[in-house]
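Shown next, in structure tokens, is the structure this report addresses.
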Amino acid sequence: MKVGILYICTGKYSVFWKDFYESAESLLLRGHDKQYFVFTDATEIAYEQKENVHKIFEEKYEWPLPTVLRFHAFVRAEDLLKKMDYLFFFNANMKVVSEITGEDIFPDPVKEDGLTVVLHSGYYKAKSSQFPYEKYKGSLAYLESGRYYFQGSFSGGTSAAYLKMAHQLKENIQKDLDNNFIATWWDESHLNKYMVDKNPKIVSPAYSYSEGKQFEFAPKLLMLNKAKLGSYKYMRGQKESLLEKIKYFIKKKIK
């Protein structure tokens with residue numbers, strides 16, 4: 001199977017790429033043809049000379065636009081991505097720490113709507129009333145209730161199903177931006193709204209295991225602690241004028 005790995009690392013986040021690539025090559029989907037699509041503004045990245053690494057320029061935006069606009073990036077690269085059998089997105093600070101097979105994460109194209117999502121490690125034991133769904137009714141991410149709360153750090157599926165989702169989420173997110181609104185948990189809020197009437201393959205929080213936490217299961221995908229490299233604001237490149245810059249980008253109606 002041809003599997004497209006979607007990875008965004010603009011600004012300081014490119015520091016995570018080398019370890020992610022090495023861990024994925026060693027432990028992720030052995031025996032499958034993995035193609036890495038790296039969306040970055042870095043002039044150089046590790047292993048870019050490899051035939052399976054495809055560097056795609058992505059502008060560095062002020063936070064939280066890098067995460068809000070991720071599906072915009074995927075849609076722009078659709079001509080490349082639709083050549084894959086499967087597509088999987090990984091947060092930049094992830095590292096594969098245990099073998100992951102196709103059986104583990106490939107969804108059934110019919111019974112599971114061709115999509116794979118991960119239970120949020122902070123809410124997988126919570127009551128549905130505690131899920132942090134978007135509560136602003138004017139947002140297309142608005143969700144009153146649901147059965148699960150999924151984390152935006154890892155998702156995937158068949159290329160057809162995933163790109164269909166990417167188009168819908170891009171459209172929904174853009175409409176929110178056009179109305180001067182960003183969902184509380186950014187693209188994750190929109191992902192949860194999209195999944196509410198779907199039956200995706202659901203993987204455990206072992207696929208979003210935060211470094212330093214202790215759970216009753218072993219990690220598959222470790223979410224490295226970004227704060228070890230500096231504050232979250234430092235990693236995100238945030239400045240005091242952040243809100244004004246976000247308003248500027250919203251007015252540009254990025255598409």
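The values are calculated or read from the model by the stated rules, or taken from the named source; none is laboratory data. For clarity, every value in this text was computed on a predicted model and none was experimentally measured. Heads up, the Cβs are rebuilt from the backbone with ideal geometry, glycines too, and the neighbour counts pull from every protein chain shown.
Looking only at the stretch 36-55, residues that are surrounded by fewer than 20 Cβ atoms within 10 Å (Cβ to Cβ), in contact (Cβ under 8 Å) with a residue 24 or more places away in the chain and not in a loop (DSSP other than H, G, I, E, B) come to 2 in all. In the stretch 1-13, of all residues being buried (at least 21 other Cβ atoms within 10 Å of the Cβ) and of a type in the set (Ser, Thr, Tyr), the one that is nearest to PHE74 (Cα to Cα) corresponds to TYR7. Among the residues of the stretch 85-118, those identified as in contact with a Phe, Trp or Tyr (Cβ under 9 Å, 6 or more places away or on another chain) and among the aliphatic types (A, V, I, L, M) are LEU87, ALA92, MET94, VAL96, VAL97, ILE100, ILE105, LEU115, VAL117, VAL118.
For the stretch 78-103, the tally of residues that are touching a residue at least 40 places away in the same chain (Cβ under 8 Å), closer than 16 Å to LEU27 by Cα and assigned to a helix (DSSP H, G or I) stands at 1. For the stretch 22-54, a residue qualifies if it is within 18 Å of the chain's Cα centre (by Cα) and acidic (Asp, Glu), and exactly one does: ASP41. Looking at GLY157, is it in contact (Cβ under 8 Å) with a residue 24 or more places away in the chain, assigned to a loop (DSSP other than H, G, I, E, B), under 27 Å from VAL110 (Cβ atoms) and not hydroxyl-bearing (Ser, Thr, Tyr)? The answer is no for GLY157. Out of the stretch 206-232, which residues are at pLDDT 55 or above and either in a helix (DSSP H, G or I) or of a type in the set (Ser, Thr, Tyr) (or both)? Result: ALA206, TYR207, SER208, TYR209, SER210, LYS226, ALA227, LYS228, LEU229.
Within the stretch 176-205, work out how many residues are under 17 Å from the mean Cα position of the chain (by Cα) and of a type in the set (Asp, Glu). Walk me through it before giving the result.
Our first condition is that a residue be under 17 Å from the mean Cα position of the chain (by Cα); within the stretch 176-205, this holds for 182-195, 200-205.
Filter again for of a type in the set (Asp, Glu), leaving 187-188.
The number of residues fulfilling the criteria is 2.
Considering only residues in the stretch 45-88 that are touching a strand residue (DSSP E or B) at 6+ places or on another chain (Cβ under 8 Å) and of a type in the set (Asp, Glu), the one that is farthest from GLU188 (Cα to Cα) turns out to be GLU48. Of the set (1) surrounded by 14 or more Cβ atoms within 10 Å (Cβ to Cβ); (2) closer than 30 Å to ALA24 by Cβ; (3) of a type outside the set (Phe, Trp, Tyr); (4) in contact (Cβ under 8 Å) with a residue 12 or more places away in the chain, all apply to LEU140 but (2). Looking only at residues of the stretch 56-77 that are assigned to a helix (DSSP H, G or I) and among the aromatic types (Phe, Trp, Tyr), we find that the one that is nearest to THR158 (Cα to Cα) is PHE74. The residues of the stretch 111-127 that are surrounded by fewer than 20 Cβ atoms within 10 Å (Cβ to Cβ) and in a strand (DSSP E or B) amount to a single one, LEU119. Only one of the listed residues (GLY4, GLY11) is among the small types (Gly, Ala, Ser) and at pLDDT 95 or above. That residue is GLY4.
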